[in-house]
Each structure stands twice: as structure tokens, then as C-alpha cells.
Number of protein chains: 2
Amino acid sequence: MPHLLLKDLPRYECLLEAAKQFPSLDPSACEVFLNLLRTGDEAFRVTDEHFQAKGLSQGRFTVLMLLFDKACGQSHSCTPAELADRAGVTRATMTGLIDTLERDAMVLRKPSASDRRMLSVELTPRALAFLAEILPEHFRRINNLMTPLSENERRTLVRLLGKIAARAAEVSPVSETAAHA
Amino acid sequence: MPHLLLKDLPRYECLLEAAKQFPSLDPSACEVFLNLLRTGDEAFRVTDEHFQAKGLSQGRFTVLMLLFDKACGQSHSCTPAELADRAGVTRATMTGLIDTLERDAMVLRKPSASDRRMLSVELTPRALAFLAEILPEHFRRINNLMTPLSENERRTLVRLLGKIAARAAEVSPVSETAAHA
DNA sequence: CTTATGTGATTAGGGGGCTAATCATAAGGC
DNA sequence: GCCTTATGATTAGCCCCCTAATCACATAAG
């Protein structure tokens, strides 16, 4: 779901104007920031539109992909805690996602033999068929979105985004509290 | 609030591997896509962290900024419909946002004199003082996030993001249905 | 004037995030 | 063995987003 954002980005001249009122405002930094958030949202929307048409949310898609990745490896299952950790959501949220996926017969909860506190979550055959149906179109949408960029531009973009992401990780590291809770 | 996303991006080799299974998967396009969404989320988090500490959400901040922009111009107020339109959310959502802002004494609802269906929403002095307090730190955080990029790199990044955003607007234009509902 | 239609705001109900609290089971110290 | 502590999953309750339905008022047609 897109973040709430100004639909019309402030124009550069407006930023220069506002900078007079707020000395700490750096117009070029703000411009990058606003464009980054908006483009991220637009890109998200392109794929989310497809998911919604198929009755999927981004959260449910992520869970299915994590389990699909597991299924391609050796282990066929995963605990809710591991899924929450890898998806970057709380365990409470993962409980809710698994609830709706189970209701839609996409996953199965199975008790763990070794530790009776734990569950193991598995994809159903229905989920595998569903993913095989939607993934090609998903990738096509991503390709289509990126067609305006040459291979060279893609490398540049990834490099510049990486600089920002690395800086963000320094400035406000993802808290480890969730993992300990 | 960040989109639910894989915390650990698939590495490039994994994308190449997965491409064998899905012919429609273009590794470089996917790489840009995943980095864009993740970096957008990280950037969002840097500012949202600050907002949350001040008891603000992104949605409420956007509404305050829209009204603040109005207040800097001539008109001191705005209808909920206009706010919803400019923020890119539904009117129902805007009703909820205004509810919580009014509860926190940040905005006032006033009946319109000319049309008794309409309201006008105004910032309170408390909101103005609040914005004056938090905005400098908000801009500082954005500057800090962008320090790794030179002015040249910023221009490049904005240009490349613009290409994607333009493509997204072509591929899946923002529906006008919300405005008509 | 009366009625149909359009438009502003709201409400009702659902999804999906979150935190904090709860409950069952494990594991370790005495 | 028993009690404390830690950890897995869940529940309860909040916020913010959505769509669809509702209500009040304006406006135009007959």
C-alpha cells in the first residue's frame, strides 16, 4: 500500500522559496528524497495492482515467496518466527498473515515434532499452482517498468540507491528489539 | 509505514538462478526494482522514526504540511475533499485523519458559510508551533541521508528516478475513480 | 414546487501494520 | 524435582488505509 504522499511534488523553485524560511532545508537533498519516495510508491503500485486483481496483498505475496524459496531448496517448511524475521514484520503480524493464507488454503500449519511450542508452515499445492500462474506476469511488469533504463543506467541507479540505503542503515539502524521480543 | 519487504534482498546470483526457472525474469530489472523499493522504505523510515517520536504519522504530517502551505499563501483553510485529493487518499481516509488531528487540537473544522455541505479545515496555533519545532530536524535528517551523494549524483538520481516514474504513470495511470466517488 | 440527480462528509466494515500482554512449553539453577 | 527465566505463538486493542453505503444539502428539470 502506497505511503500517503503529496501527489504533486513541490517544484524546485518552491523548495528554494521554502529554504529561506527554514535554513536547514537543502533543496537538492529534499528533491532527491521526495522523488525517491514517490518513485518507490509508483513502482510498488505497478505490481500491487496486479496482486490486488489476483486477491493478493504485498504481505501475503512476500510470505508465499519466502516459502517458495524454501521449497526450491531442501527444507519444505518454515516457522512463523523465521518468516516474520525474514519479511521484516513482527510475529503478531505474521500470525495474521498466516491466518488469512490458511483461510484461503494457500498454507498449512503443522505442529513441530521436536518442540511443541513451534509450528511449521507449508505451501499447499494450490499455492504452488497460483505462484506459477502469477509470477510470469509479475516479472513482465517489472521489466516493462524498467525498459526506459539502459543496462548502464541500471547499474548507476543501483549504485546510487545503495549509497542512500547504506547511509540510512548508519543513521537509523533497524532495531533488534523485534527479534528479542 | 514501510511496505512489507524481504529484509535481505536476493543477491544477483540468486536472480540469475531464478531466471532459469522463469524466462520472463530479467535480473537487472528485478535488481533495480528491489533496490528501489528497499531504499524508498529505508528513506521513509529515517523520517518516520522522527515523526513517531513526536506522536505524528506520515498521514497526519502530510495533512499538516498541506494546510501549512495554504497558510503561507493567502487562503487559510481548505476543504476535506481538497486535502484528500492533494494527499492522494480517499475522502473517507481524510475524515479519519482530520478526526485524530482535531482530537489532538492540531486542526479545527469550521462550517462553510456558502455551502452547508462543506467544511473548512484550519491549522490551530498549536499546530504552527509544533511544525516550527519539528521541521528543522526533519530537514536535517533528509540532508544527513543524502550527504553521500554529490550534487552531480543527485541530478543523475533524480533523472533516472524520473524515467521510472514516467514509465509507471504510462503503465498504470493513477485512476480518477477516487475523485468521482 | 417537486423530484431526480449530483456532490460534500461521514459511517460501517475489512485488511494489514504495530505494541503490549498472555499462554504454553523449554531449559537452567538450586 | 521445582522455580525462574526465556522463547514460540497468539490475542487484544490501536492506527491508517481501503470500498461501499449513507446522509445532508445543492442544483437542475419538469
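The values are calculated or read from the model by the stated rules, or taken from the named source; none is laboratory data. Bear in mind that the values here come from a model prediction, so they are computed numbers and not experimental data. Neighbour counts are summed over all protein chains in view; Cβ atoms, including those assigned to glycine, are modelled from backbone coordinates with ideal geometry.
A few points about this structure:
- When the residues of the range B:93-107 are filtered to those that are exposed (fewer than 14 other Cβ atoms within 10 Å of the Cβ) and closer than 11 Å to B:Arg60 by Cα, the one that is farthest from DNA strand D (Cβ to nearest atom) is B:Asp99.
- Restricting the range A:41-55 to residues that are surrounded by 21 or more Cβ atoms within 10 Å (Cβ to Cβ) and within 15 Å of DNA strand D (Cβ to nearest atom), the residue that is nearest to the chain's Cα centre (by Cα): A:Phe44
- Selected residue (only one of A:Leu128, A:Leu145, A:Leu34, A:Leu135 is closer than 27 Å to B:Gly162 by Cβ, surrounded by fewer than 20 Cβ atoms within 10 Å (Cβ to Cβ) and more than 16 Å from DNA strand D (Cβ to nearest atom)): A:Leu34
- Selected residue (criterion: farthest from B:Ala168 (Cα to Cα)) from residues of the range A:163-181 that are out of contact with any helix residue (DSSP H, G or I) (no Cβ under 7 Å at 6 or more places or on another chain) and modelled with pLDDT of 90 or more: A:Ala166
- Breaking point among (1) of a type in the set (Lys, Arg); (2) surrounded by fewer than 17 Cβ atoms within 10 Å (Cβ to Cβ); (3) more than 16 Å from DNA strand D (Cβ to nearest atom), for A:Lys110: (3)
- Of the residues making up the range A:20-49, those that are outside any helix (DSSP H, G or I) and hydroxyl-bearing (Ser, Thr, Tyr) number 1.
- The selection criterion, being within 7 Å of chain B (Cβ to nearest Cβ), farther than 24 Å from A:Ile142 by Cβ and of a type in the set (Phe, Trp, Tyr), holds for A:Phe22.
- Selected residue [within 12 Å of DNA strand C (Cβ to nearest atom) and either more than 20 Å from A:Arg140 (Cβ to Cβ) or at the interface with chain B (Cβ under 8 Å from one of its Cβ atoms) (or both)] from A:Arg11, A:Arg60, A:Arg38: A:Arg60
- Members of the range A:62-84 that are surrounded by 17 or more Cβ atoms within 10 Å (Cβ to Cβ) and touching a Lys or Arg at 6+ places or on another chain (Cβ under 8 Å): A:Leu66, A:Ser77, A:Cys78, A:Pro80, A:Ala84
- Pair list, Cβ under 8 Å, 6 or more apart: the range A:3-19 residue within 16 Å of DNA strand D (Cβ to nearest atom), other residue at pLDDT below 70: A:His3/B:Met1; A:Lys7/B:Val174
- Per-region count, the range B:94-116, residues near DNA strand C (Cβ under 9 Å from one of its atoms), farther than 19 Å from A:Leu5 by Cα and not charged (D, E, K, R): 1
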